[in-house]
Amino acid sequence: MKTRLAAITLFSAAAVSGAALAEAWVFGPAFKDGWKPEFTLAAVGGVMDADHAGSDLYAGVEFSLNCPWFQPPKGVIRQQFNIGTYDDNGLEITSYEMNPNYFMTLSPNLTLGIGPGIGYARASYKDGPTEGLWSVQASANLNYRSGPLFLGAGARYQDTQDDTLAPGVKGADNWLINAKAGINF
């Protein structure tokens, strides 16, 4: 699994850096005239499949904006902040994530994004203690924006620290497939 995460992260970095080699990046776009944060707030629902448990419902929220620190010559980097929960077969996870994705425009209202992320998951298994697990993620998202309407779909793999949650249960690595609906501000 960690090999897959490394491959996805490497692919994401290569895709972004390929565009970067062609033209110059803008550093600190939030401090320049014309920058728009394009805030979005969305409800997120989906199915998470976690190690040591199974597939079950995931619910959360996502807040995103155009990156205030870096702007590639083509496309846009959007900072996505996610909070979500999952509970199945005694495994409970609450995940806090920051997933900056590089988005390419497919049509005027449709974008495709890929990128890495970092996070922190609070996880417990059955009657065991609740552990704080640092994590890394790799994600892909397809987003539709039209005026205030935001719709999206995504997939994300999260690799957590291998702290012991119970005898024989280490970490809370998981896959997430989700749908999003929200408001663009």
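Quick look at the values:
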{"item": "Residue in the stretch 146-160 that is among the basic types (Lys, Arg) and over 19 Å from ALA59 (Cα atoms) present", "result": "no"}
{"item": "Checklist (1) over 14 Å from the mean Cα position of the chain (by Cα); (2) at pLDDT 95 or above; (3) under 28 Å from ALA166 (Cβ atoms) applied to LYS126, failing item", "result": "(2)"}
{"item": "Residue list for the stretch 27-78, restricted to those being among the hydroxyl-bearing types (Ser, Thr, Tyr) and assigned to a loop (DSSP other than H, G, I, E, B)", "result": "none"}
{"item": "Subset tally (residues that are of a type outside the set (Gly, Ala, Ser) and surrounded by 19 or more Cβ atoms within 10 Å (Cβ to Cβ)) for the stretch 170-185", "result": "5"}
{"item": "Odd one out for ALA15 among (1) more than 16 Å from the chain's Cα centre (by Cα); (2) modelled with pLDDT of 95 or more; (3) surrounded by 14 or more Cβ atoms within 10 Å (Cβ to Cβ)", "result": "(2)"}
{"item": "Residue count, the stretch 109-135 (criterion: of a type in the set (Asp, Glu), surrounded by 18 or more Cβ atoms within 10 Å (Cβ to Cβ) and either in contact with a helix residue (DSSP H, G or I) (Cβ under 8 Å, 6 or more places away or on another chain) or outside any strand (DSSP E or B) (or both))", "result": "0"}
{"item": "Any hit, the stretch 48-61, residues being exposed (fewer than 14 other Cβ atoms within 10 Å of the Cβ) and either at pLDDT 95 or above or of a type outside the set (Gly, Ala, Ser) (or both)", "result": "yes"}
{"item": "Tabulated pairs, the stretch 53-66, first farther than 14 Å from LEU176 by Cβ, second of a type in the set (Phe, Trp, Tyr), C-beta under 6 angstrom, 6+ apart or interchain", "result": "PHE63/PHE81; LEU65/PHE39"}
{"item": "All positions within the stretch 160-170 that are farther than 15 Å from GLY132 by Cβ and assigned to a strand (DSSP E or B)", "result": "ALA166, VAL169"}
{"item": "Matching option when the condition is of a type in the set (Lys, Arg), assigned to a strand (DSSP E or B) and surrounded by fewer than 22 Cβ atoms within 10 Å (Cβ to Cβ), among ARG145, ARG156", "result": "ARG145"}
{"item": "Qualifying residue in the stretch 66-89 (condition: crowded, with 20+ Cβ neighbours inside 10 Å, on the phi > 0 side of the Ramachandran plot and of a type outside the set (Gly, Ala, Ser))", "result": "no"}
{"item": "Residues of the stretch 136-152 classified as in contact with a helix residue (DSSP H, G or I) (Cβ under 9 Å, 6 or more places away or on another chain) and under 11 Å from LEU110 (Cα atoms), total", "result": "0"}
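The values are calculated or read from the model by the stated rules, or taken from the named source; none is laboratory data. Here the structure is a predicted model, which means the values were calculated and not measured. Neighbour counts are summed over all protein chains in view; Cβ atoms, including those assigned to glycine, are modelled from backbone coordinates with ideal geometry.
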